[in-house]
Amino acid sequence: MKITSRELRQKFLDFWRTKNHQIIASAPVVPENDPTVLFNTAGMQPLVPYLLGQEHPAGTRLADCQKCVRTVDLEEVGDDSHLSFFEMLGNWSLNDYFKKESIAWSWEFLTAPEWLNISPTKLAVTVFAGDNDAPRDDESADLWSQCGVPPHRIAYLGKKNNWWGPAGQTGPCGPDTEIFYWVGEGEPSLESNPGSDEDNWLEIWNNVFMGYLKNEKGEYLKAPRHNVDTGMGLERIVTVLNGVNTIYATDVFAEMIAKLEELAGQKF
Ligand code: GLY
């Protein structure tokens, strides 16, 4: 599928409109009322008060495209898929739907012919393996199976991979399930998944099931609310949909690179 970043952004927001989500504008990259971070690092950042229980004027189902500055993976910036400034597409349940709808709708958006029409053979997922703070997320694995994801494409990983938040030191967080796209040569082998073969799978979307709060003592407490926070990297999904192997080959960068080449008088 040939698709521009503008078309993809629109398609994502249109999809969530069909699921009764209100579209909200991106907050500025410099947070307005959050002393815990210098920049908005994720779609969740400007929404923290609402994840904690404040009523959002637009309701309990939101979707957006948040401009983010992220430096935790600075070492990887400059490779084919990591950026320090990027746009994150997200949908939000503020104590509304939870895992069942979130997973089914993500699968629908990715694979339905009228949306992204990605072949399920190109997709794999990871779910939280469980530890002393929270149990293994078998529910999410079952829900992926119901979508048709075969068991060998579901990997169970620990907190380093499958836990998201809080954005600062404390606050809402929880296990996540992550969706990956095959970027290896040919077709993935039967046993390949993002746990066993991580270099050949690119994360394109994560669904965080925010059912926990981390406190100052570093403890993870069950939260009184259940929220969903998803994050899909706009530049990454445009890359894989266009069948190119680097974010720099997408329309996001094409004009800038062409101008630089013109000014430099040489091709990069
Ligand atoms: N949705 C969580 C994140 O990746 O920012």
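Where a number appears in this text, it was derived from the coordinates with a stated rule and is not lab data. Keep in mind it's a predicted model, so treat the numbers as computed, not measured. Please note: Cβ atoms are built from the backbone with ideal geometry, for glycine as well, and neighbour counts cover all protein chains shown.
Applying 1/(1 + (r/R0)^6) with R0 = 30 Å to the Cβ-Cβ distance of Asp80 and Gln10, what FRET efficiency is obtained, to the nearest 0.05?
Details: r = 25 Å, r/R0 = 0.83.
In this case the efficiency is close to 0.75.
For the range 242-268 and the range 1-49, write down the distance between their C-alpha centroids in whole Å.
Centre-to-centre (Cα) distance: 25 Å.
Just Ser81, Ser196, Ser93 to compare: in a GNM of the chain, with alpha carbon springs under 10 Å, which one fluctuates most?
Maximum fluctuation in the GNM of the chain, among the listed residues, is at Ser196.
Under 10 Å, Cα contacts only: if you run a Gaussian network model on the chain, which one of Gly218, Gly186, Gly130 comes out with the highest mean-square fluctuation?
Looking only at Gly218, Gly186, Gly130, the largest GNM fluctuation is found for Gly186.
Give me Ile103, Ile23 sorted ascending by neighbouring Cβ count inside 10 Å, so fewest comes first.
Numbers: Ile103 26, Ile23 14.
Neighbour counts put them in this order, fewest first: Ile23, Ile103.
Taking 0.36 nm per intervening residue step and subtracting the Cα-Cα distance, what contour gain separates Lys122 from Glu55 on full extension? Please report the intermediate quantities before stating the final value.
Numbers: separation 67, 0.36 × 67 = 24.12 nm, distance 3.87 nm.
Working it through step by step, the gained length comes to 20.3 nm.
Points 7 angstrom from Cα along the Cβ direction at Thr246 and Gln146: gap in nanometres?
Result: 4.3 nm between the two label points.
Give me the one-decimal Kirkwood hydrodynamic radius in Å for the chain, with the sum taken over alpha-carbon pairs. Before the final figure, lay out the partial values.
On the way: mean 1/r = 0.0522 Å⁻¹.
When all Cα pairs of the chain are included, the Kirkwood radius is 19.2 Å.
For the chain, modelled as a GNM with alpha-carbon contacts under 10 angstrom, which of Gly43, Gly165, Gly90 fluctuates the most?
Looking only at Gly43, Gly165, Gly90, the biggest GNM fluctuation is shown by Gly165.
How far is it, in nm, from the label point at Leu263 to the one at Asp138 when both lie 7 Å from their Cα along the line to the Cβ?
Here the modelled spin labels are 5.8 nm apart.
With +1 on the Cβ of every Lys and Arg and -1 on the Cβ of every Asp and Glu, and nothing else charged, how large is the dipole of the chain about its Cα centre, in debye rounded to the nearest 20? Intermediate values should be presented prior to the final figure.
Details: 23 positive and 39 negative charges, 136 e Å.
The calculated dipole for the chain is roughly 660 debye.
Could you list which residues have their amide H under 5 Å from that of Asn40, counting only those 5 or more apart in sequence or on another chain, with H placed in the peptide plane?
Those lying under 5 Å, H to H, from Asn40 are Val30, Val69.
Counting just the Cα atoms, what span does the range 213-253 cover along each of its three principal axes? Round to the nearest Å and put the largest first.
So the extents along the principal axes, rounded to whole Å, are 44, 20, 14.
Using the Cα centre of the chain as origin and beta-carbon charges of +1 (Lys, Arg) and -1 (Asp, Glu), tell me which of His226, Thr126, Gln266 is placed farthest towards the positive end of the dipole.
The residue sitting farthest along the positive end of the dipole is His226.
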